[in-house]
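The values are calculated or read from the model by the stated rules, or taken from the named source; none is laboratory data. Bear in mind the structure is a predicted one, so any value in this text is a computation, not a measurement. All Cβ positions, glycine included, derive from the backbone under ideal geometry; neighbour counts span all protein chains shown. Side chains are part of the model used for accessible areas, which takes the heavy atoms of the whole protein and leaves out ligands, DNA and RNA. Shrake-Rupley method; radii C 1.70, N 1.55, O 1.52, S 1.80 Å.
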Amino acid sequence: MSGGARRETDDVMGARAVGTAAGGTHGGVRRAEGRRVSDQERLARAALTRVVEPGDEAAGRWLRECGAVELMRRLTSLDFEEAAEALTGVTGKRLGGYRTRAAGADPARDLAAVAAVGGRFVCPGDEEWPGQLDDLGDGRPVGLWVRGGPHLRMWALRSVAVVGARACTPYGAHMAASLGAGLAERGWVVVSGAAFGVDGAAHRGVLAAGGATVAVLACGVDVVYPRGHAELIGRIAEQGLVVGELPPGGHPTQSRFILRNRVIAALTRGTVVVEAEYRSGSLVTARGAQRLGRFTMGVPGPATSGLSAGVHELLRGEGVLVTDAAEVVELVGDIGELAPARRGPVLPRDLLDPVAALVLESLPARGRADVRGVARDAGTTPDEALGKLYELHSLGFVERRGDGWQLTSGAPDHANVRRGGT
């Protein structure tokens, strides 16, 4: 079990022990002991989601050093020279951009807007905050805008990401939907990005199975993107959770899609990639999961398919090959959650004892052989060979013709064998 997944298991056990979701975090990051986030801090963090881009580590360092309320004060109340002295590590032009956006932020309006669509703002220190996001260090989200009724942290404790190509093949869509449904049936939450292709298929598989799914968006949770998934995202918000770092009305960009992937990777115990080219955002998610100590898995495809080339490259490294939900759960689940043993069909010949098998193989494909010839070829005595021939006769493999023995026409290579006769 990887370090991230092991810490996840510790969180699950802790949640079961206390019957609550009181702000657990992963190794090396402090565990919030039921402290309540103040209204001022919540407002400041909500404002900062309009000021800083997702994954901004410079802003994350400032947050860690001085807190959200003080950071907003420095951005809005100090003159430029004082702010530049207090907030180091960025250029003056970049700091000017922060200050301009901070001056226009209206967190109360954003909180009202998300409440109007049945949402809320979750930030570090809240009971609902998923502590595993703290593994991102200074790149962790300032907070998360959430739509949907379920408890985000409790759902995230037992979750798996299923991601892949937007322009997937029918095979990729089938595998994603099967994985989604199979994981849902086993009590796992499926996290994906609500994009076309593999993401949408995984979400639909979960919903069809009546399971739990989370969509992590690269835009505001009140924004439908892609527009073709308006119905799907609406169903996820009703049956599951829609999550995003951007405030209400926030629009997606290419960089925001890439940065969104780090949240998917950190939020879950492992990431499964279904179809991905060499240059794919899904591989960014998988590599992010690897860096965080999460499990990384891939579903193989045809060696000639460019859409599977990235997955195969992942599997040549540290990725683990999986073909169904049971194999995923065996990797990310608790001790004892094993996939069924995989093997080919057992043929009647496989059930013969070694000597009987040698005697059977000694008979010619056509024609007859006498007992001495069979014994010689099988490397046994004539008496032992005769005994085994009668056993094989009772099982329907051979028959006697005069003084010789021959294979039975239509011998039971693929039939169920019953001892005691045919």
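Does at least one position in the range 329-336 carry a residue that is in a loop (DSSP other than H, G, I, E, B) and either under 21 Å from H174 (Cβ atoms) or in contact with a Cys (Cβ under 7 Å, 6 or more places away or on another chain) (or both)?
Looking through the range 329-336, none of the residues is in a loop (DSSP other than H, G, I, E, B) and either under 21 Å from H174 (Cβ atoms) or in contact with a Cys (Cβ under 7 Å, 6 or more places away or on another chain) (or both).
Give me the helices (runs of 4 or more DSSP H) completely within the range 53-140, filtered to those with at least 3 residues that are under 27 Å from L241 (Cβ atoms) and touching a residue at least 12 places away in the same chain (Cβ under 8 Å), ordered by residue number.
Here the list reads 57-66, 107-116.
For the range 42-66: of the residues being small (G, A, S) and surrounded by 21 or more Cβ atoms within 10 Å (Cβ to Cβ), which is nearest to L136 (Cα to Cα)?
G55
Restricting attention to the range 240-259, and to residues there that are open to solvent by 50 Å² or more (accessible area, probe 1.4 Å) and free of Cβ contacts under 8 Å to residues at least 40 places away in the same chain, which single residue is nearest to G149 (Cα to Cα)?
This residue is H251.
Considering only the range 357-379, state which residues are open to solvent by 70 Å² or more (accessible area, probe 1.4 Å), hydrophobic (A, V, I, L, M, F, W, C) and within 11 Å of Q406 (Cα to Cα).
A365, the sole residue that qualifies.
Inside the range 211-327, counting only helices (runs of 4 or more DSSP H) that do not spill past its ends, which hold 3 or more residues that are β-branched (V, I, T)? If you could, list the steps in order and put the result at the bottom.
Details: elements: 230-239, 254-267, 281-291, 306-316.
In the range 211-327, the matching helices (runs of 4 or more DSSP H) lie at 254-267.
For every residue, the table says whether it meets (1) closer than 30 Å to S159 by Cβ; (2) open to solvent by 30 Å² or more (accessible area, probe 1.4 Å); (3) modelled with pLDDT of 90 or more.
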{"residue": "G333", "(1), (2), (3)": "yes, no, no"}
{"residue": "R342", "(1), (2), (3)": "yes, yes, no"}
{"residue": "V346", "(1), (2), (3)": "no, yes, no"}
{"residue": "D350", "(1), (2), (3)": "no, yes, no"}
{"residue": "T381", "(1), (2), (3)": "no, yes, yes"}
{"residue": "E384", "(1), (2), (3)": "no, yes, yes"}
{"residue": "D403", "(1), (2), (3)": "no, yes, no"}
{"residue": "D413", "(1), (2), (3)": "no, yes, no"}
{"residue": "G421", "(1), (2), (3)": "no, no, no"}
